[in-house]
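Notes to accompany the following structure.
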Amino acid sequence: MPPLILHEYAPSGNCYKIRLTAAHLGTPIERRAYDILAGETRTPDFLRNINANGRIPVLQIGDRFLPESNAACVYLAHGSALIPADRFDHADMLRWMFWEQYNHEPNVATLRFWFAFVGAENLSEAQKGQIMAKQVAGMAALKLMDDQLARTPFLVGDRLTLADIALYAYTHVAEEGGAFSLVPYPNVLAWLARVAAQPGHVAITD
């Protein structure tokens with residue numbers, strides 16, 4: 001495998017899920033930090049050379065660049081047990097990963113970022129107007145996960161997959177900022193403990 005460099009903002013769950021995947025696989029990865037609050041991913045150099053979309057994470061693979069966190073996780077985990085061999089389970093894993101970016105991350109992660117990092121007093125009126133809808137949608141996402149995890153120990157059956165890594169990243173810090181409580185979701189809480197107990201696990205702060 002070519003040398004790997006993760007262009008990241010460490011508190012980001014999207015960046016963390018790549019580090020967590022690499023940790024489970026024992027894959028070494030170099031880290032390069034950017035301050036997104038200072039606009040370091042919007043500079044002409046970053047846009048020209050790293051990601052024209054102006055976002056992180058970006059996984060640099062040799063001299064090629066792969067944006068989008070879940071795509072980077074799939075690249076790292078190719079051929080490993082983190083991607084199910086069964087055709088349906090493989091597709092179901094992807095289903096959860098697509099859902100994470102469409103239903104979970106825009107609500108759970110966004111409110112964490114707004115309240116814990118930007119600060120409620122610094123939000124625009126447009127952002128303030130979205131808070132209630134994002135809380136409702138975020139709680140619906142957590143409820144859907146809780147229902148699934150009442151039936152299976154992990155999101156895709158009985159073993160850890162990339163679906164769990166992708167959703168662990170922002171779920172385990174959902175309470176930061178105070179927009180969500182995980183208390184109403186006991187199956188999610190038990191799952192978080194199972195994921196954290198897996199060999200190779202690293203914390204978001206590591």
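Straight-line reach from residue 143: taking Cα to Cα under 16 Å and skipping same-chain neighbours fewer than 8 places apart, the lysines in range are 134. Averaged over its residues, the stretch 79-206 has an accessible area of 49 Å² per residue, based on protein heavy atoms and a 1.4 Å probe. When each of the peptides 142-150, 122-130 is scored by the mean number of other C-beta atoms lying within 10 Å of its residues, the order from highest to lowest reads 142-150, 122-130.
Using the Cβ-Cβ distance between residue 203 and residue 52 with R0 = 41 Å, the FRET efficiency computed as 1/(1 + (r/R0)^6) comes to roughly 0.80. How big is the charge dipole of the chain about its Cα centre, in debye rounded to the nearest 20, if each Lys and Arg gets +1 on its Cβ and each Asp and Glu gets -1 on its Cβ? Taking the Cα centre of the chain as origin, the dipole is about 160 debye.
Legend: translational diffusion of the stretch 40-79 by Stokes-Einstein, Rh = Kirkwood radius over C-alpha pairs, 37 °C, 0.692 mPa s; D = 311 µm²/s. Report the percentage of all Cα-Cα pairs in the stretch 160-206 whose separation exceeds 16 Å, rounded to a whole percent. Of all Cα-Cα distances in the stretch 160-206, 37 percent exceed 16 Å. The ellipsoid equivalent to the alpha-carbon distribution of the stretch 51-159 has semi-axes of 29, 23, 9 angstrom, derived from the gyration tensor eigenvalues as √(5λ) and listed largest first. Computed from the Cβ-Cβ distance with R0 of 45 Å, the FRET efficiency linking residue 90 to residue 121 stands at 0.50.
Taking every DSSP helix (H) stretch of at least 4 residues in the chain, weighting each as -39,500 (n - 2.57) and dividing the sum by the residue count yields a mean residue ellipticity at 222 nm of -13500 deg cm²/dmol.
When all alpha carbon pairs of the stretch 100-177 are counted in 10 Å bins from zero, the resulting P(r) reads 18, 48, 24, 9, 1 %.
Values [x] 11.6; [y] 10.4; [z] 13.4 are given for comparison; mean projected area of the Cα convex hull in nm², derived from the coordinates here, is the one labelled [x]. Among 71, 22, 38, the residue with the largest mean-square fluctuation in a Gaussian network model of the chain, with springs joining Cα atoms closer than 10 Å, is 38.
The values are calculated or read from the model by the stated rules, or taken from the named source; none is laboratory data. It should be emphasised that the depicted structure is a prediction, and the values quoted were computed from it without experimental measurement. Neighbour counts are summed over all protein chains in view; Cβ atoms, including those assigned to glycine, are modelled from backbone coordinates with ideal geometry. Ligands, DNA and RNA are stripped out before the accessible areas are found, and what is left, the full protein with its side chains, is counted by its heavy atoms. Shrake-Rupley method; radii C 1.70, N 1.55, O 1.52, S 1.80 Å.
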